[in-house]
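One structure below.
Values in this text are rule-based calculations from the coordinates and carry no lab data. Keep in mind that what you see is a predicted model, and the values were worked out from it rather than measured. Every residue, glycine among them, receives a Cβ derived from its backbone with ideal geometry; neighbour counts consider all protein chains shown.
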Amino acid sequence: MQTHRSLAKPVLACLFAALISAGAFIAVPLPFSPVPIVLQNFFIFLAALVLEPAWAVIAVIVYLALGAIGLPVFSGGSGGLARLVGPTGGYLVAYPFAALLASLISRRGSRRRWKDALALILASLLIYALGVAWLRHVLDSSWGKAALIGLLPFIPGDALKIAAAVLVGRRLADLVAELSGDGDAGA
């Protein structure tokens, strides 16, 4: 029984790394932007709400490491270090920080849906900040153009992902806590 509990967190982190990878395959390219619409951030949001902060970060770092060594886990089935320094690199690099921020905020004090939503909104703002700044640098464009192609088109979809993650995250955290015998995982 103790072995089962000690393996639960690493297994869940690996599961979330796989889900984040799968979310990258669901990519909708935008004709006016090098940044596609993806589901990666939805699974990062879920990891932040379900896993303890360190394990949420580990899940994202495992995902990034798999992509960095060339496995096709980035958007559109791509991989390699070039993706980390390309137009979407800022978003990718922001993911572990966003997972940490959201998980820490969500777990501070008692769990409330409004707090989970706030945590994910702040995480999204962090992703946008690093992503748009890097996109501007790589494209050598103005802030306005970078925001137009790397921020504005994604706000409605990300709002839906945040809402879905808040609804699913609490139930999933409770289920994980029950299955792992960890009574405070969803707290």
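Return the residues of segment 90-118 that are part of a helix (DSSP H, G or I) and surrounded by fewer than 20 Cβ atoms within 10 Å (Cβ to Cβ); say none if nothing qualifies. Before the answer, list the steps.
Within segment 90-118, the first condition is being part of a helix (DSSP H, G or I), and the residues that meet it are 90-107, 113-118.
Hits for segment 90-118 are Val93, Pro96, Phe97, Leu100, Leu104, Ile105, Arg113, Trp114, Lys115, Ala117, Leu118.
If you go through segment 8-60 and keep only what is more than 22 Å from Gly169 (Cβ to Cβ) and without any contact (Cβ under 8 Å) to a residue 24 or more places away in the chain, you end up with Val28, Pro31.
Every condition in (1) farther than 24 Å from Ser78 by Cβ; (2) among the aliphatic types (A, V, I, L, M); (3) surrounded by 20 or more Cβ atoms within 10 Å (Cβ to Cβ) holds for Ala123 except the one numbered (1). Give segment 50-69 a look and list any residue that's in contact with a helix residue (DSSP H, G or I) (Cβ under 8 Å, 6 or more places away or on another chain) and farther than 13 Å from Cys14 by Cβ, or say none. Residues satisfying the conditions are Val50, Glu52, Pro53, Val57, Leu64, Gly67, Ala68.
Do the conditions hold for Gly131, that is, is it surrounded by 15 or more Cβ atoms within 10 Å (Cβ to Cβ), in contact with a strand residue (DSSP E or B) (Cβ under 9 Å, 6 or more places away or on another chain) and closer than 21 Å to Val60 by Cα?
Values: surrounded by 15 or more Cβ atoms within 10 Å (Cβ to Cβ): yes; in contact with a strand residue (DSSP E or B) (Cβ under 9 Å, 6 or more places away or on another chain): yes; closer than 21 Å to Val60 by Cα: yes.
Yes, satisfied.
Restricted to segment 12-51, and to residues there that are among the β-branched types (Val, Ile, Thr) and closer than 23 Å to Gly79 by Cβ, the residue that is farthest from the chain's Cα centre (by Cα) is Val28. For segment 133-145, the criterion of a residue being more than 14 Å from the chain's Cα centre (by Cα), of a type in the set (Lys, Arg) and assigned to a helix (DSSP H, G or I) is satisfied by at least one position. Meeting the requirement of 1 or more residues that are crowded, with 19+ Cβ neighbours inside 10 Å and among the hydroxyl-bearing types (Ser, Thr, Tyr), the helices (runs of 4 or more DSSP H) wholly within segment 1-85 are 2-25, 53-68.
Within segment 149-166, the set of residues being in contact (Cβ under 8 Å) with a residue 12 or more places away in the chain and assigned to a helix (DSSP H, G or I) comprises Ile149, Gly150, Pro153, Phe154, Gly157, Asp158, Lys161, Ile162, Ala163, Ala164, Ala165, Val166. Is it the case that Asp174 is over 20 Å from Leu39 (Cα atoms) and surrounded by 14 or more Cβ atoms within 10 Å (Cβ to Cβ)? Spelling it out, Asp174 is indeed over 20 Å from Leu39 (Cα atoms) and surrounded by 14 or more Cβ atoms within 10 Å (Cβ to Cβ).
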